[in-house]
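**Q** If you scroll down you'll find the structure; I have some questions about it.
The values are calculated or read from the model by the stated rules, or taken from the named source; none is laboratory data. The structure displayed is predicted, hence computed values, not measured ones. Here the Cβ positions follow ideal geometry from the backbone for every residue, glycine too, while neighbour counts run over all protein chains shown.
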Amino acid sequence: MTLLNVSMTTVAIHQPQYIPWLPYVAKAAASDIFVYLDNVQYQKNGVQNRNQIKTAQGPAWLTVPVHASLETTIQQTPIDNTQHWRQKHLRSINMAYARAPFKQLIDQGLRALIETEWTYLADLNIALSEWIFKRLGVTCTRVRASELSVNGSRNDLVLAICQEVGATVYLSGQGAKAYQDERLFDKNGIDLHYQDYQFKEYPQCFPKTGFDRALSTVDLILNAGDKARDYL
């Protein structure tokens, strides 16, 4: 992948998520370079292998079964393809969005990606993110951290990635405030910004249950179609 060469380069970094939610996609949309942080430890019970869709009963989890240990990186996390999770996920999506205005988009790439028998979680997640980015017109350069010559952990790893891709601005998630050394970025000439994502409500299925925020971006795409970017 060719990296950008501009005077101001905004970089965002995030672990690959399964059919990610809106703040994840918005972070990529606000960046010049988005780095898939696939070379860090897999997080159990996080959203790296699961996300939510909206059903008549409320949000429901779709979980990809994996084989992982404390030492396994996301890149190395194998999917348990002995279970019939792909059929279950597609059946759940089809049932939940049977009356969605743009349900036909399921058959325009999403179904094929979920049906594919991926070996590793990161490959599945990145392929689904790329489908979402294309649907929403996200045009930033994307690169995997595992493709870069970087190492370290937490602050050191993030800073090394920023330096490797030529960041002048680092767009961070709010959760990193608890451990991030802001002085380290300033010392290395990188402006540190924190994402402050504000949800813009859009029409959802089952409106009587209220607007749900913590959903996969698939919910927005199937409900808003070509207008989805306006809500992002």
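**Q** Being outside any helix (DSSP H, G or I), under 18 Å from GLY58 (Cα atoms) and either of a type in the set (Asp, Glu) or in contact with a helix residue (DSSP H, G or I) (Cβ under 6 Å, 6 or more places away or on another chain) (or both) is true for just one of ASP196, ASP212. Which residue is that? Quick ask: steps written out before the conclusion?
**A** Numbers: ASP196 fails: under 18 Å from GLY58 (Cα atoms).
Only one candidate passes the filter, namely ASP212.
**Q** Hey, another quick one. Being closer than 20 Å to GLY225 by Cα, surrounded by fewer than 19 Cβ atoms within 10 Å (Cβ to Cβ) and under 18 Å from the mean Cα position of the chain (by Cα) is the requirement here; does ALA98 meet it?
**A** Details: closer than 20 Å to GLY225 by Cα: yes; surrounded by fewer than 19 Cβ atoms within 10 Å (Cβ to Cβ): yes; under 18 Å from the mean Cα position of the chain (by Cα): no.
For ALA98, the condition - closer than 20 Å to GLY225 by Cα, surrounded by fewer than 19 Cβ atoms within 10 Å (Cβ to Cβ) and under 18 Å from the mean Cα position of the chain (by Cα) - is not met.
**Q** Could you please give the count of residues in the range 26-59 that are out of contact with any helix residue (DSSP H, G or I) (no Cβ under 6 Å at 6 or more places or on another chain), modelled with pLDDT of 95 or more and of a type in the set (Lys, Arg)?
**A** 2
**Q** Here are ALA167, ALA160: which of them is of a type outside the set (Phe, Trp, Tyr) and within 26 Å of ILE132 (Cα to Cα)? Talk me through it step by step, then tell me what you get.
**A** Working: ALA160 fails: within 26 Å of ILE132 (Cα to Cα).
Exactly one residue qualifies, and that residue is ALA167.
**Q** Here's something else I'd like to know. Here is a check on your reading of the model: is SER149 crowded, with 19+ Cβ neighbours inside 10 Å, modelled with pLDDT under 95 and more than 30 Å from PHE102 (Cα to Cα)? Step through it out loud before you land on a result.
**A** On the way: crowded, with 19+ Cβ neighbours inside 10 Å: no; modelled with pLDDT under 95: yes; more than 30 Å from PHE102 (Cα to Cα): yes.
Considered against the rule, which asks whether it is crowded, with 19+ Cβ neighbours inside 10 Å, modelled with pLDDT under 95 and more than 30 Å from PHE102 (Cα to Cα), SER149 comes out as no.
**Q** Next question, about the same structure. Quick one: count up the residues across the range 137-179 that are in a loop (DSSP other than H, G, I, E, B), among the polar types (S, T, N, Q) and farther than 23 Å from LEU22 by Cα.
**A** Here is the first cut: in the range 137-179, the residues in a loop (DSSP other than H, G, I, E, B) are 137-140, 148-153, 166-168, 173, 179.
Narrowing the set further to residues that are among the polar types (S, T, N, Q) leaves 139, 149, 151, 153, 168.
Subset that is farther than 23 Å from LEU22 by Cα: 149, 151, 153, 168.
So the answer is 4.
**Q** Within the range 173-215, which residues are surrounded by 16 or more Cβ atoms within 10 Å (Cβ to Cβ) and out of contact with any Lys or Arg (no Cβ under 9 Å at 6 or more places or on another chain)?
**A** PHE185, ILE190, LEU192
**Q** What do you reckon, is GLN87 at pLDDT below 95 and more than 30 Å from SER172 (Cβ to Cβ)? Write out each step before concluding.
**A** Values: at pLDDT below 95: no; more than 30 Å from SER172 (Cβ to Cβ): yes.
It is false that GLN87 is at pLDDT below 95 and more than 30 Å from SER172 (Cβ to Cβ).
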